[in-house]
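**Student:** To start, I am sharing the structure in question, which I have written as structure tokens.
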């Protein structure tokens, strides 16, 4: 059984059988996708969609407008990059879109 992440997303949609059709993804594939999603979240790779109106002054921890990332995020980014290298290009791109950015497959 596929464990839900609390909201309907592309992975769970692909894991749900259709009318008389089997599910597109097997449970082990959905679990792998959810692990990639958690890694993506830990890496803080989600693009920022709003502007920051923070009145905090920039200090030495800011480099070109980006804060230094935590060790956990840096490790997750390294693991995500390693995963991206071993996957075929089309699979890595789809994995990033579906698992990381939670886009659908139109």
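FYI, it's all coordinate maths here, none of it is from the lab. Small disclaimer: the values here were computed from a predicted structure and weren't measured. Quick reminder, even Gly has a Cβ in these numbers, built from the backbone with ideal geometry, and neighbours come from all protein chains shown.
**Student:** I need the peptides 43-50, 70-77 ranked by packing, meaning the mean over residues of other C-beta atoms within 10 angstrom, with the highest value on top.
**Tutor:** Numbers: 43-50: 10.4, 70-77: 13.6.
The most tightly packed comes first, giving 70-77, 43-50.
**Student:** Can you tell me how much longer the chain between residue 32 and residue 81 gets when fully stretched, taken as 0.36 nm per residue apart minus their C-alpha distance, in nm with one decimal? Could you put the intermediate results ahead of the total?
**Tutor:** Working: separation 49, 0.36 × 49 = 17.64 nm, distance 1.59 nm.
So the chain would gain 16.1 nm between residue 32 and residue 81.
**Student:** In nm, what is the difference between 0.36 nm times the number of residues separating residue 49 and residue 21 and their Cα-Cα distance? Working shown, then result.
**Tutor:** Numbers: separation 28, 0.36 × 28 = 10.08 nm, distance 3.69 nm.
Here the answer is 6.4 nm.
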